[in-house]
Amino acid sequence: MNKMNVLVIDDQYINRYLLEKLLIGYGFSVISAVDGVEALEKLKEGPVDLIISDILLPRMDGFQLCREVKTNPDYAQIPFIFYTAAYTEQKDREFAESLGADRFIVKPTDPAEFINIIRDLVKNIPQEEIAVPKTIVLGENEYLSEHNKRLIHQLEKKLTELEEMNKSLRISEKRYKNLFDNANDAIILHEITPTGEFGRILEANGVTSALLGYSHDELLGKNMTEIDNAKSSEYYQELMATLLERKHQTFEAEHLTKFGKIVPVEISAHLFEENGTRFCLVICRDITYRKAAIKELHQAFTQINENLHHIAVIGDQIRNPLSVIMSCCEECESGYKNKVATAVNDIDSFIRKLDIRMIESEKVRNVLSGSQGKHTMGSIQDLNDRV
């Protein structure tokens, strides 16, 4: 038995592809078209045993195609199945049946059930050489009137759906705009030039304006280089090279306000592309207080080290004279010998307490530098490198 030739009509590639694979998998031969006009051309090219068509199609829709097929004596006996996700109401089904459609299937349908419907239809096709086509119920005027009603109704549905989508989109835009504007950090969207350099600012939130002293309108169109206090072009060329490669980069920089003030910032830059154009979303955190805290911490560590050094030196400077005094007391027969020895021991005991305090202070210093070492001490070192 020869394979049945099935003509599939759908303007969506993925729909055609899935239907083709399903039918081929069950032993059918498939011919495809994107609309009714192309489907009629395919019918002229060779025998077709079954037609499966979507309704919402460009140029000639499924309803028009079905009427063309069922009113043409050469094609009228070919079974016609509507397979649609847009026209799903009972009146759509009734109109399709009035045009001579043999089956009306709403997407999505279980593949096995879909194949069973086809097989049932094929099994019931008359075996005579000339099969009797289904009767066309509507006349020309009635057809045109009902067809227009179906189209207008479908258009109204689509407009309602579109309005709902626009409403949801407006809500989403408002929500994300609120998140954008109320973020704690400055957020800037800017372009990347074709030559791989920082370009114009396309959008910025209110925190950016507050940080840099520019109004929103003043910021838009301004080049990133105008707000950046670059210390060396080589430094930023290296950053840009890394950003272009990894699509993300975190680094420290300095921004220049409208009034000439330099603001240290930590930048998290994210690179993305749309329609062949590269953009960069930059999140800038003001680290002025962090820098000040790191500087104070550096000064505190320096002072601790100096104090520990001075304590050690003073201890030695006191112990040396005490040793001499003790030696002299051993040789002295004076009645003050015991008093001097007691005073010397008291002083020595006090110095030992200082030694213990110094050791404890060193431990505290080491714990601070150890627990915060990678961040704090690294930041201090970074600060030293930049100062």
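The values are calculated or read from the model by the stated rules, or taken from the named source; none is laboratory data. Computed from a prediction, not measured in an experiment: that's the story for all the values here. All Cβ positions, even for glycine, are placed from backbone atoms using ideal geometry, and neighbour counts span all protein chains on display. Each accessible area value is taken on the protein alone, full model and side chains, heavy atoms only, with ligands, DNA and RNA left out. Shrake-Rupley method; radii C 1.70, N 1.55, O 1.52, S 1.80 Å.
Some points to look at:
- Count of the stretch 72-108 residues which are touching a strand residue (DSSP E or B) at 6+ places or on another chain (Cβ under 9 Å) and in a loop (DSSP other than H, G, I, E, B): 11
- Failed condition for Met377, given (1) surrounded by 14 or more Cβ atoms within 10 Å (Cβ to Cβ); (2) of a type in the set (A, V, I, L, M); (3) at pLDDT 65 or above: (3)
- Positions within the stretch 23-55 being open to solvent by less than 40 Å² (accessible area, probe 1.4 Å), part of a helix (DSSP H, G or I) and of a type in the set (A, V, I, L, M, F, W, C), in sequence order: Leu23, Ala39, Leu40, Leu43
- From Gly213, Gly221, residue being touching a Lys or Arg at 6+ places or on another chain (Cβ under 9 Å) and open to solvent by 40 Å² or more (accessible area, probe 1.4 Å): Gly221
- Cβ pairs under 6 Å, 6+ apart, first in the stretch 275-299 and closer than 24 Å to Asn205 by Cβ, second part of a strand (DSSP E or B) and acidic (Asp, Glu): Phe279/Glu191; Arg285/Glu266; Ile287/Glu266
- Search result, residues across the stretch 67-85 that are within 22 Å of Leu18 (Cα to Cα) and crowded, with 17+ Cβ neighbours inside 10 Å: Pro79, Phe80, Ile81, Phe82, Tyr83, Thr84
- Residues that are closer than 14 Å to Cys66 by Cβ and at pLDDT 70 or above within the stretch 97-138 comprise Glu97, Ser98, Leu99, Gly100, Ala101, Asp102, Arg103, Phe104, Ile105, listed in sequence order.
- Selected residue (criterion: nearest to Thr257 (Cα to Cα)) from residues of the stretch 224-237 that are modelled with pLDDT under 80 and either open to solvent by 30 Å² or more (accessible area, probe 1.4 Å) or touching a helix residue (DSSP H, G or I) at 6+ places or on another chain (Cβ under 7 Å) (or both): Asn229
- Residue that is at pLDDT below 90 and under 25 Å from the mean Cα position of the chain (by Cα), where the choices are Leu243, Leu202: Leu243
- The single condition from (1) among the hydrophobic types (A, V, I, L, M, F, W, C); (2) at pLDDT 80 or above; (3) closer than 30 Å to Ala210 by Cα; (4) exposed (fewer than 13 other Cβ atoms within 10 Å of the Cβ) that Ile152 fails is (3).
- Of everything in the stretch 277-310 that is open to solvent by 60 Å² or more (accessible area, probe 1.4 Å) and charged (D, E, K, R), the residue that is farthest from the chain's Cα centre (by Cα) is Glu306.
- Cross-chain or 6+ apart pairs with Cβ under 9 Å, the stretch 168-196 first and without any contact (Cβ under 8 Å) to a residue 12 or more places away in the chain, then among the hydroxyl-bearing types (Ser, Thr, Tyr) and surrounded by 10 or more Cβ atoms within 10 Å (Cβ to Cβ): Pro194/Thr277
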